[in-house]
1. Tell me, which helices (runs of 4 or more DSSP H) wholly within segment 181-254 include 2 or more residues that are in contact (Cβ under 8 Å) with a residue 60 or more places away in the chain, of a type outside the set (Phe, Trp, Tyr) and farther than 16 Å from Leu289 by Cα?
2. With farther than 16 Å from Pro250 by Cβ, out of contact with any helix residue (DSSP H, G or I) (no Cβ under 9 Å at 6 or more places or on another chain) and assigned to a helix (DSSP H, G or I) as the only criterion, which of Leu53, Leu60, Leu27, Leu31 stands out?
3. For the list (1) surrounded by fewer than 23 Cβ atoms within 10 Å (Cβ to Cβ); (2) at pLDDT below 95, I need the number of the one condition that Thr51 fails.
4. Quick check on my filter: what residues within segment 255-276 are farther than 24 Å from Ala244 by Cα and over 21 Å from the mean Cα position of the chain (by Cα)?
5. Any idea which of (1) assigned to a helix (DSSP H, G or I); (2) over 21 Å from the mean Cα position of the chain (by Cα) is the one Pro145 doesn't satisfy?
6. When Phe109 is evaluated against the numbered criteria (1) under 21 Å from the mean Cα position of the chain (by Cα); (2) at pLDDT below 95; (3) farther than 30 Å from Ala244 by Cα, which criterion, by number, is the only one it fails?
7. Search segment 217-263 for residues being closer than 20 Å to Leu197 by Cα and of a type in the set (S, T, N, Q), and hand back the single one that is surrounded by the most Cβ atoms within 10 Å (Cβ to Cβ).
8. Looking at Gly78, Gly86, which one is at pLDDT below 90 and surrounded by fewer than 14 Cβ atoms within 10 Å (Cβ to Cβ)?
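The values are calculated or read from the model by the stated rules, or taken from the named source; none is laboratory data. No experiment lies behind these values; they were computed from the predicted model shown. Quick reminder, even Gly has a Cβ in these numbers, built from the backbone with ideal geometry, and neighbours come from all protein chains shown.
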Amino acid sequence: MEDVQTLPAQPTPSWKVWVKTSRPFTLMATLSPVLVGTAVAYYEGAFQLVTFLVTLFSCLFLQIGTNYFNEYFDHRYGLDHAGSLGAMTVIFRHEMTAGQVLAGGITSFVIATLLGIVLIFQVGPAIILFGLAGMVIAYFYSARPFKFASRGLGDILVFIAMGFLMTWGSYYVQIPHWSWRVIAASIPVGFLVTAILNMNNVRDYQDDLAVHKKTLPVRFGLRFGQRFHAWLLRGSYIAVILFALLNVLPIYSIAALLTFPLAYRNIRAVLGATDRKAFIVGIKRTALLHFQFGVVLALALVVSRFL
């Protein structure tokens, strides 16, 4: 009798694997723009708690979906391997199938969309533009035909999506009109979230170079990536000071300078790093700085309403 070949059973991921693949440490990058945008609205006299919570969770699921899609498409296009420092490697280690990772991204986008529909009823149809722009950037960040990340466009699109759009969108659902104040507030937030991505690209320099993934460090060199990181961090504080002095942001916004010692240590460590694994620490420190900067700036904006 001939042997009957059976297909290997699909893994049944535990909740810990699903959470790990969502990259929870990256979600702080979503909190800062939402907090800052909402704080600007509060400074101008508007705040709805339910709207804030719906916005926050919609943005969080959009970010989670982006992480799932990034994991899936990097595996599909051969940009990651089992030894990649930046990969969760759940597919390579058979903790999840590629289909399960893709399903995680789709499900997260569906949840974000449903929450976005709630905002449409609360705010109006204009919010559709924020959601569509965010989803297009998030999906095609890794996916064909655009593959923005592989073309060196990831930095500017992350700045637009998680700096400008997410900060202004969080303001817009509270006060639905244009505001130069919230645009100004989005710039330092955008610089810092771009610094997280750049630090990720610096860490992955060798892997990306091998597969011709044209990130900025691959295009211009590893040293450029380190210096670009330093200028993004410095630029965030320069922007806050400038906008405060020009009275675009309230003067108390310069309280964000309280986080500068963290930024200074971060810059020194990154500029002096030679060990590739040191950049992993740099990513975590930059993510923490981005979160702390956003919290302090948001608190400063809230307090400024009463001063």
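1. Qualifying helices (runs of 4 or more DSSP H): 205-210, 216-220.
2. The match here is Leu53.
3. So Thr51 meets the others, but not (2).
4. Once the filter is applied, which keeps residues that are farther than 24 Å from Ala244 by Cα and over 21 Å from the mean Cα position of the chain (by Cα), segment 255-276 yields Arg265, Arg268, Ala269, Leu271, Gly272, Ala273, Thr274, Asp275, Arg276.
5. Against the list (1) assigned to a helix (DSSP H, G or I); (2) over 21 Å from the mean Cα position of the chain (by Cα), Pro145 comes up short only on (1).
6. The one condition Phe109 does not meet is (2).
7. The qualifying residue surrounded by the most Cβ atoms within 10 Å (Cβ to Cβ) is Ser236.
8. Residue meeting the stated conditions: Gly78.
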